[in-house]
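Every read-out reported here was derived from the displayed coordinates using simple, explicitly stated rules and does not represent laboratory data. Here the structure is a predicted model, which is why all the values come from computation and not from measurement. Cβ: placed from backbone, ideal geometry, glycine included. Neighbour counts: every protein chain shown.
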Amino acid sequence: MGQSEQRVCAGCGTRLARDNPDTRCSVCQRREVARWMPTGAASGRSDSSHAALGSTARHPNRTLRTIRESERQQSREEFACDLNKRARELGENVSCEARLVARWEDGDVRNPRPVYRRILAAEIGRPYEQLGFTKTDHGAPRVIEFTTSHQNGTSKYSRLDEVGAEISFVLDPEPARSNLPSVDLLEQTIELRAVEAVDSAPLPMIDRLSEDLSFFRRMFDESRISDHERLMQCGALASALLAEELMIVGQSARSRTWSQMAVRFATEAKDDSTRSLVGALGARRPLYFGDVSETLTLARGAGAVAPRGQVSSVLAPLVEALAAAQAGDSEAGMCALSEARDNLDSLSDQQQRNDVFGLPPRRFFFYESRVLLDVGKLDSAWRSQDEALDLYPNSTAGDVAMLQLDRARLLIKKNNIEDGCLHAADVLVAIPDEQRAKIFYNRAWKVYASVPRASRSLPEVTELREVLAALPRTGTTD
């Protein structure tokens with residue numbers, strides 16, 4: 001098929017992206033998947049954020065559809081046309097299309113914007129409350145509830161700050177101590193936390209890790225141990241896990257503090273593998289809440305001491321590639337990505353385990369796709385995203401949400417702006433309440449910022465903007 005020939009979606013008639021091999025746009029594909037998918041579950045990966053995140057049930061608006069089909073005997077196009085006429089009569093500067101009507105009826109939009117509520121009520125001649133929509137808005141109220149709870153973070157994190165102050169003393173030189181059997185238990189606990197953190201909500205993980213570190217402090221306080229380096233390694237890994245969770249919820253300053261503590265513990269443990277690993281993990285924070293130049297410095301420092309065959313020998317150049325690509329240095333980004341690819345084969349199956357300290361193939365594709373997206377290799381980025389999404393289970397909300405938001409940005413870069421914005425809005429709605437965190441909203445703002453200014457009046461762009469309206473654009477909740 002020649003490049004000049006335009007293909008349109010068989011479902012809604014919108015223009016398809018050149019690289020879309022399907023006969024339908026991603027929005028219609030999501031609707032089709034949702035028709036047969038069991039609520040809250042998915043058998044296989046799809047481009048639907050609802051399916052991928054496995055969280056938000058769709059509630060079709062049968063009342064509105066019955067009014068349109070049975071009472072008015074209109075197609076969606078005809079109904080949208082009448083709504084546009086009514087909007088002009090009311091002096092409302094909005095546009096309604098058949099696709100928006102379909103989203104209302106299919107339950108993709110559970111509560112339209114106030115302007116559409118007025119138009120619908122005026123055109124149909126009934127109060128909005130009788131038109132079959134649910135009472136819960138899918139955007140701002142849920143977001144406000146989340147951000148409010150974290151803006152009251154002084155008391156929430158005060159105990160965590162106390163724990164940090166309490167355990168920092170163990171980094172001072174200590175004499176040899178007697179053996180303490182509990183070190184085994186602490187190591188097992190940290191291994192468990194590294195697995196739990198993949199799928200668990202961040203706030204409960206912060207509470208668990210705070211308790212673990214309190215126990216870590218008491219081990220030094222109550223006993224004298226000879227296995228100092230082993231315990232230092234435990235402290236490094238536990239601190240790195242805590243820094244990770246704090247980063248997710250937007251506690252950037254605290255995340256940085258614990259990341260630095262992790263490096264100090266690892267240095268005290270005299271273990272280059274652990275030091276480079278926690279260093280590479282901590283280098284990601286400035287990508288989301290800071291300056292990418294700091295990420296470049298931290299990632300290169302971690303890579304310099306990373307032993308070949310260890311996770312950090314791949315993760316450090318991957319993070320460096322992300323920072324370089326985000327900074328606009330495509331050549332440096334691809335060079336670092338090439339180094340990460342070369343080192344990937346040296347990892348054992350154990351090092352590719354699915355926990356925070358492992359690097360399974362799906363997470364490699366996750367990072368790779370973002371590098372390729374930022375350097376403008378869109379087709380390759382799309383394939384890497386597909387590779388990653390095929391490997392992620394539906395229970396892994398965090399990485400999947402970030403991948404889907406990157407997919408939305410990729411659609412926009414391919415000039416499929418409407419689908420990209422709708423996809424991003426759907427992803428935000430589908431994130432489970434307990435998993436909602438600032439890192440996702442910052443990423444969603446980046447999706448919105450990628451829309452050309454000339455296209456920001458499109459209804460789909462406006463819808464994404466309104467979902468994000470109650471969210472802080474920048475800054476942290478420290």
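Quick notes on this one:
- You can think of it this way: the chain between Leu90 and Arg383 has 100.8 nm of extra reach, that is 0.36 nm per residue less the Cα-Cα gap.
- Sorting Ser239, Ser384, Ser293 by the number of Cβ atoms found within 10 Å of their own Cβ, with the fewest placed first, yields Ser293, Ser384, Ser239.
- Summing Lys and Arg as +1 and Asp and Glu as -1 over all other residues whose Cβ lies under 12 Å from the Cβ of Ala323 gives a net charge of -1.
- In sequence order, segment 424-439 has phi-based couplings of 4, 4, 5, 4, 4, 5, 7, 5, x, 3, 6, 9, 5, 8, 4, 4 Hz under the Karplus curve 6.51 cos²θ - 1.76 cosθ + 1.60, θ = phi - 60°, and Gly or Pro positions carry x.
- Listed peptides 117-124, 257-264, 95-102 by packing density, highest first (mean Cβ within 10 Å): 257-264, 95-102, 117-124
- When only alpha carbons are used to place a centre, segment 355-408 and segment 280-295 end up 18 Å from one another.
- Segment Asp291-Glu187, extension gain: residue separation times 0.36 nm, minus the distance between their alpha carbons: 34.1 nm
- Hz values of 3J(HN,Hα) by residue in segment 324-334 - Karplus curve (6.51, -1.76, 1.60), Gly and Pro given as x: 5, 5, 5, 7, x, 9, 5, 5, 5, x, 5
- Extension gain, Arg62-Arg126: 0.36 nm per intervening residue step, less the Cα-Cα distance, totals 21.5 nm.
- Taking the number of Cβ atoms within 10 Å of each Cβ as an exposure proxy, the fewest-first ranking of Leu464, Leu378, Leu347 is Leu378, Leu347, Leu464.
- Estimated FRET transfer efficiency (Thr134, Glu196; beta-carbon r; R0 45 Å; 0.05): 0.85
- Estimated vicinal HN-Hα couplings, Hz - segment 450-458 in sequence order (Karplus 6.51, -1.76, 1.60; Gly, Pro = x): 7, 6, x, 4, 5, 9, 6, 8, 4
- Residues Ser450, Ser455, arranged from fewest to most other Cβ atoms within 10 angstrom of their Cβ, appear as Ser455, Ser450.
- Calculated log₁₀ intensity ratio I(q)/I(0) where the Debye formula runs over C-alpha points of segment 62-130, q = 0.26 Å⁻¹: -1.42
- Hull-based mean projected area of segment 233-311, where the convex hull spans the alpha carbons, in square nanometres: 4.5
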